[in-house]
């Protein structure tokens, strides 16, 4: 399903840790791994503002491009033994723009990005990751990291197989049904899918007498989703509905069932500079200890 994967790399140690996901990606179809680093000349120029002329700055940029190219070549040699399935590329430009452009230009099926959980909001939301999530033509996996207390090395916060047990969060939008269609293509590699819906209390509290009516209707739709997934080869597809605050219940549900990954449609609009990322999705990716797989919405 995910044959062509893009893994943006940068100088942070988290980027190299993401390489530990390659074997897992092979289970879901990986045939071509693309390691991309973007050198932002404007960012470098800003850091030298008022101290050097443009010629000196250009020299610094070119030097960074050469060093980065060598670093990626060393990564390929060390981790993949010059495997032809791994492609490396260094480009100049704005990081988020170049990641999305590369994905479009090369028909990428999946982007895998990382973020440190304790600094995710301050360092990433509203910047590179959010812009990639907004513009990406393909699904995006966001990984979280932790620092090992014993040796201070950076590690993946979750090490389970991506598709061992998916928690699929649905709101019955057009986009959420599209996710079901996409998940059906994973039937031969997906162990179990838990389909989950939260009746958001703030939205229905004024009609709480009708909750049972709403749940009955939604349960029928979820049963149809489960049937569709089972027909595709997924043996275990169960459903559950709860009422409350979505982000809290989703994370609790993921813990209770031992989910390996949370997946949902990226849709809606928040007040973050007009970014088209659903409010629930936004909160989940900023606090989930599990990888989060967001599927792009056609409602752009």
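Please treat every number below as a calculation from the coordinates, not as lab data. Here the structure is a predicted model, which means the values were calculated and not measured.
Out of all DSSP beta bridges in the chain, what portion is antiparallel? Express it as a percent rounded to 5. Before the final figure, lay out the partial values.
Values: 6 of 47 bridges.
Around 15 percent of the beta bridges assigned by DSSP in the chain are antiparallel ones.
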For segment 162-225, what class follows from the C-alpha gyration tensor (a ≥ b ≥ c being the square roots of its eigenvalues): rounded when a/c is under 1.5, otherwise prolate if a/b is larger than b/c, else oblate?
prolate
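Shape call for the chain from the C-alpha gyration tensor, a ≥ b ≥ c root eigenvalues: rounded (a/c under 1.5), prolate (a/b greater than b/c) or oblate? Intermediate results must be reported in sequence, preceding the final value.
Values: a/c = 2.17, a/b = 1.68, b/c = 1.29.
Prolate, since a/c reaches 1.5 and a/b exceeds b/c.
Taking a ≥ b ≥ c as the square roots of the Cα gyration tensor eigenvalues, with a/c under 1.5 meaning rounded and otherwise prolate when a/b beats b/c, else oblate, which class fits segment 165-290?
Details: a/c = 1.59, a/b = 1.22, b/c = 1.31.
The shape class here is oblate.
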